[in-house]
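Enquirer: A single structure is presented below for examination.
The values are calculated or read from the model by the stated rules, or taken from the named source; none is laboratory data. Please read all numbers here as calculations on a predicted model, not as lab measurements. Using ideal geometry, Cβ is built from the backbone for each residue, glycine included, and neighbour counts are taken over all protein chains shown. Surface areas here come from the heavy atoms of the whole protein model, side chains and all, with no ligands, DNA or RNA. Shrake-Rupley method; radii C 1.70, N 1.55, O 1.52, S 1.80 Å.
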Amino acid sequence: MVAGAWGARKAYAPLDVSRILPGFLGAWALRPEICGEAPRRAALPDRTPNGFVWIAADRISTKSGPLVVAGAYVRTPETMTPRDVEAALAEKRKIVISSERERNAAEMLVELRPLRQGESHFYQLSLSDEKKTLVMEEAGRERVTLKLCE
């Protein structure tokens with residue numbers, strides 16, 4: 001179990017695979033005109049233009065370079081109670097959520113690491129506007145709102 005953004009009072013459980021869910025994949029930009037500047041090729045770029053983010057199932061490419069997915073989490077089901085968590089811990093049983101069942105989730109938490117190994121960064125990803133707007137939030141940093149490139 002992992003807590004979400006500071007003060008958000010959200011709990012997340014790990015997915016059965018460390019992958020970004022399908023709804024979050026693609027090219028995202030701060031402004032539509034940036035979409036045209038982005039590279040259009042099959043392979044993910046190492047670096048992207050400022051204000052542009054490329055999201056694949058196993059990595060995110062930004063202006064600072066690629067970040068590899070080290071863990072993926074979704075909100076714990078509303079039916080899960082603190083007693084369920086305590087019981088799982090007492091039985092030394094892991095709580096894991098099915099990525100297939102959550103494939104249409106509009107919110108997730110992703111643990112990312114630079115390719116050159118370094119500290120993990122946790123990003124909260126939230127989709128809105130019929131999955132055409134993505135809000136990325138990292139603890140201690142300003143929230144970024146991106147639009148899906150068509």
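Enquirer: Modelled label-to-label distance, Arg83 and Ala57, 7 Å Cα→beta-carbon offset: nm?
Expert: In this crude label model, Arg83 to Ala57 measures out at 3.8 nm.
Enquirer: Taking all protein chains as present, what is the carbon and sulfur share of the accessible area of the stretch 94-150, in % to the nearest whole number, probe 1.4 Å? Please list the in-between numbers first.
Expert: Details: 1660 of 3690 Å².
Summing carbon and sulfur atoms, their accessible area is 45 percent of the total for the stretch 94-150.
Enquirer: Largest first and to the nearest Å, give the Cα extent of the stretch 111-150 along each principal axis.
Expert: Taking max minus min along each principal axis of the Cα atoms, the stretch 111-150 gives 34, 22, 13 Å.
Enquirer: Suppose the chain between Asp16 and Ser64 were pulled fully straight at 0.36 nm per residue; how much longer would it get relative to their current alpha carbon spacing?
Expert: Working: separation 48, 0.36 × 48 = 17.28 nm, distance 2.86 nm.
Working it through step by step, the gained length comes to 14.4 nm.
Enquirer: Next question, about the same structure. Straight-line reach from Lys147: which lysines have a Cα under 21 Å away, not including same-chain ones fewer than 8 places off?
Expert: Lys63, Lys131, Lys132
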